[in-house]
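Note sheet for the following structure.
Read-outs throughout are calculated quantities, based only on the coordinates presented, and are distinct from any laboratory measurement. A quick note: this is a predicted structure, and the numbers were derived from the prediction, not measured. FYI the Cβ positions are ideal-geometry reconstructions off the backbone, even for glycines, and counts take in every protein chain you see.
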Amino acid sequence: MPSVSWQQPCRGRFKCNVDAGFSTSKNRTGIGICVRDDDSAYVLAKTVSFDVVRPVRVGEALGLYNALGWLSVMQFDGVDFATDSKISYDAFHSHKDDVSEFGHIILACKSLFSTHFTNSRVEFTRQQANAAAHALAGEATSLAILVIYFNVPRFINSISFNEML
């Protein structure tokens, strides 16, 4: 299998990588969101945590929902939202009804997306190409509050640098 690496967005666009992390020992679900520009340069990141371990598909959908909500408030557009959850990606692009908790979160994602994003998309990426968001999600499981990182956090500095190469 060929190596998969992070891909920068096209000129004039942003890439927003999203991931969820889970810690049964800390009973926490963490969300990691990392935004970079078309030069692969770090823009912003955010971590969110929940004090319960959610089912994986629910946690991943909550990650997408939090990313959409955060960037809609900041009036971003031209964003490639990248998730490594194939289930969330498929559900987001599906027209099937799903009355589960997961389905309701995906429906909320679709609503946010259609209301606030006219020039954006939700795409699937392999886990290997989602390393910064994955590290942020892992960090979020150790945090009790949401954190917005205006500068590159030390724990993803080398990931972010390597992905620029």
- Item | Overall Cα dimensions of segment 18-90, principal axis frame, Å, largest first | 38, 25, 22
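Please compare each pair in 26/96; 15/110; 46/96 to a cut-off of 29 Å on the Cα-Cα distance and tell me which ones are over it. Write out the running numbers ahead of the final one.
Working: 26/96 35 Å; 15/110 18 Å; 46/96 31 Å.
Over 29 Å apart, Cα to Cα: 26/96; 46/96.
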- Query: How big is D, in µm² s⁻¹, for segment 10-165 by Stokes-Einstein at 25 °C and 0.890 mPa s if Rh is the Kirkwood radius over C-alpha pairs?
  - Reply: 160
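What's the ranking of 26-33, 59-66 by average number of surrounding C-beta atoms within 10 Å, highest first? Working shown, then result.
Working: 26-33: 22.8, 59-66: 25.9.
Highest to lowest by the protection proxy: 59-66, 26-33.
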- Separation between the residue 39 and residue 108 pseudo-spin-labels, each 7 Å from Cα along Cα→Cβ, expressed in nm? 3.6
- Query: Cα centroids of segment 12-41 and segment 73-112: how far apart, whole angstrom?
  - Reply: 15
- Query: For residue 4 and residue 99 in one chain, what is 0.36 nm times their gap in residues minus the Cα-Cα distance, to one decimal in nm?
  - Reply: 30.8 nm
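Where does the chain land at 222 nm, in deg cm²/dmol rounded to the nearest 500, when only DSSP H runs of n ≥ 4 count, each adding -39500 (n - 2.57), divided by all residues? Intermediate results must be reported in sequence, preceding the final value.
Values: 5 runs with 62 residues, N = 165.
So the helix-based figure for the chain works out to -12000 deg cm²/dmol.
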- Picking from 99, 119, 21, whose Cα lies most toward the positive end of the charge dipole for the chain (charges on Cβ: Lys, Arg +1; Asp, Glu -1)? 21
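With contacts defined as alpha carbon pairs under 8 Å and 6 or more residues apart, what's the relative contact order of the chain in percent? Show your work: numbers first, answer last.
Numbers: 343 pairs, mean separation 55.3, N = 165.
Relative contact order comes out at 34 percent.
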